[in-house]
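Novice: Below you'll find the structure I mean.
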Amino acid sequence: MKRYIVMALAAVLTAGCSSTVTKNFKVFAEPPDAVIRVVSGTDLQEQTYRSPAAVTADVPKDPALASKAILEVQKKNYKPRVISLQDVKTGETLNIRLQ
């Protein structure tokens, strides 16, 4: 019985101590065929989207990893735009125009 209580307590503590913050936001890119790349999560996985995109990203709470969590919009012959996910607010709509 003690073992089950200890396992349940460990599961509750692990679930309550999340090491990421989940952010949901929308991205509209100009030109519309630009590639939207998001690097997020504790293992810094890369996901790609097309505009318009509804993005869900996990931003690590660890400052060293959080600085590497980015949103990048790029297209050939345009200057890429890189934004830190720390600066993006949940529910925000980003309108990004490449030059």
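Bear in mind these aren't lab numbers, they're just calculated from the coordinates by the rules spelled out. A quick note: this is a predicted structure, and the numbers were derived from the prediction, not measured. When we count neighbours, we look across all protein chains shown, and the Cβ atoms used for this are built from the backbone with ideal geometry, even at glycine.
Novice: Taking the stretch 38-94, which GluC sites (Glu not before Pro) meet the DSSP loop condition and have no more than 16 other C-beta atoms within 10 Å?
Specialist: GLU92
Novice: Going by amide H atoms built from the backbone, whose H comes under 5 Å of the H on THR20, apart from near neighbours?
Specialist: Amide H neighbours of THR20: LYS61.
Novice: What number comes out for the charge environment of ALA34, summing +1 per Lys or Arg and -1 per Asp or Glu over other residues with Cβ under 13 Å away?
Specialist: Local net charge: +4.
Novice: Here is a further query. Treating cross-link reach as a plain straight distance, find the lysines whose alpha-carbon is under 18 Å from the alpha-carbon of LYS26, omitting any fewer than eight places away in the same chain.
Specialist: Qualifying lysines at Cα under 18 Å: LYS89.
Novice: Straight-line reach from LYS23: which aspartates and glutamates have Cα under 12 Å away, leaving out those fewer than 8 places along the same chain?
Specialist: Partners within reach: ASP58, ASP87, GLU92.
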